[in-house]
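Derivation of every value follows stated rules applied to the coordinates shown; laboratory data play no part. Keep in mind that what you see is a predicted model, and the values were worked out from it rather than measured. Please note: Cβ atoms are built from the backbone with ideal geometry, for glycine as well, and neighbour counts cover all protein chains shown.
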């Protein structure tokens, strides 16, 4: 088996599609590259925020399930999403930015020799910024060129994803024996695992906590994490592996923007394998208009009239706007 390439995307649940659009666009400076529906529940938006062109490994996505309850945070869950920024100086910039916009955040710290800054959104969802300074590994993406954050400080992709668990031996087996990650380092209650070329975009950080109740999904929490594979052949190979493990899985799922495979290998966590392409620039939207219309994969386009009556309109047009780059003096 080939190793996984890294983290493909993280999907979370939000209490408000409108608020998460505002937070990710105007505060975090990530680009909405696709505004579509949950393909398993057409009543629900699925919003994709990513780098300038929607590169694999850069996107965080959100569902806004009707009637969702608040997450119960605990153990045995995917607990935090992290993002990559180019330098330690960028971390300092973000602390000032969070102070200006009254974003709940913590002090700058070091974890595994990397400068980090933890913060929260309006749902108290947990995020961390990781500096890429002096860290080699899988290449990051390109910051949103026309967004409000100066390019030299902008978010360029996903960083290590945090798991919080009470069964270290099991998650170690899942990561190293099943998913072919390497254990890199241990720091207090945290263990760092990496795959592929390594680095911030190919890492999982496991936090050992046996003093908490099991987490329960809801808004403010993470729905699943996806790992990067090259193409459908790799998905076929992973299906063979999962069959040998007798692990439940979805089989091939065509999401149009990428092809997927879903499985559960550890209690409370949903893992996805997702292909690098084809991506978000497609027959409906070009580079300039990414995320501005309600985009539908081909199998849903004959239902457009019905879907547009179900999901409320959210204004996401940005191609006619000019964002001034905000420097924090």
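Give the range 185-203 a look and list any residue that's assigned to a strand (DSSP E or B), surrounded by 14 or more Cβ atoms within 10 Å (Cβ to Cβ) and in contact (Cβ under 8 Å) with a residue 60 or more places away in the chain, or say none.
Step one: list which residues in the range 185-203 are assigned to a strand (DSSP E or B), which gives 185-187, 190-194, 203.
Filter once more, so that each one left must be surrounded by 14 or more Cβ atoms within 10 Å (Cβ to Cβ): 190-194, 203.
Result: 190, 192, 203.
Across the range 48-65, the qualifying residues are those that are touching a helix residue (DSSP H, G or I) at 6+ places or on another chain (Cβ under 7 Å) and outside any loop (DSSP other than H, G, I, E, B), and the one among them that is farthest from residue 162 (Cα to Cα) is 49. Could you tell me whether any residue of the range 15-26 is in contact (Cβ under 8 Å) with a residue 24 or more places away in the chain and under 29 Å from residue 179 (Cα atoms)? No, every residue in the range 15-26 fails to be in contact (Cβ under 8 Å) with a residue 24 or more places away in the chain and under 29 Å from residue 179 (Cα atoms).
Of the set (1) touching a residue at least 60 places away in the same chain (Cβ under 8 Å); (2) exposed (fewer than 15 other Cβ atoms within 10 Å of the Cβ); (3) farther than 30 Å from residue 18 by Cβ, all apply to residue 135 but (2). Working only within the range 42-61, note down all residues that are within 25 Å of residue 199 (Cα to Cα) and free of Cβ contacts under 8 Å to residues at least 60 places away in the same chain. Within the range 42-61, 49, 61 qualify. Residue 164 satisfies every condition listed in (1) surrounded by fewer than 22 Cβ atoms within 10 Å (Cβ to Cβ); (2) touching a strand residue (DSSP E or B) at 6+ places or on another chain (Cβ under 9 Å); (3) closer than 26 Å to residue 95 by Cβ except (1).
Just give me the residues in the range 19-47 being closer than 21 Å to residue 287 by Cβ and assigned to a strand (DSSP E or B), in sequence order. If you could, list the steps in order and put the result at the bottom.
Pass one, the range 19-47, residues closer than 21 Å to residue 287 by Cβ: 21, 24-26, 28-36, 46-47.
If the condition is that a residue be closer than 21 Å to residue 287 by Cβ and assigned to a strand (DSSP E or B), then 31, 32, 33, 34, 35, 36, 46, 47 are the ones that fit.
Of all the residues in the range 83-117, those that are part of a strand (DSSP E or B) and either in contact (Cβ under 8 Å) with a residue 24 or more places away in the chain or surrounded by 15 or more Cβ atoms within 10 Å (Cβ to Cβ) (or both) number 9. All conditions but one from (1) farther than 11 Å from residue 128 by Cβ; (2) in contact with a strand residue (DSSP E or B) (Cβ under 6 Å, 6 or more places away or on another chain); (3) outside any loop (DSSP other than H, G, I, E, B) apply to residue 68; the one that does not is (3). Selection of strands (runs of 3 or more DSSP E) fully inside the range 212-329 by the criterion of at least 2 residues being touching a residue at least 24 places away in the same chain (Cβ under 8 Å), at positive phi and surrounded by fewer than 16 Cβ atoms within 10 Å (Cβ to Cβ) returns nothing.
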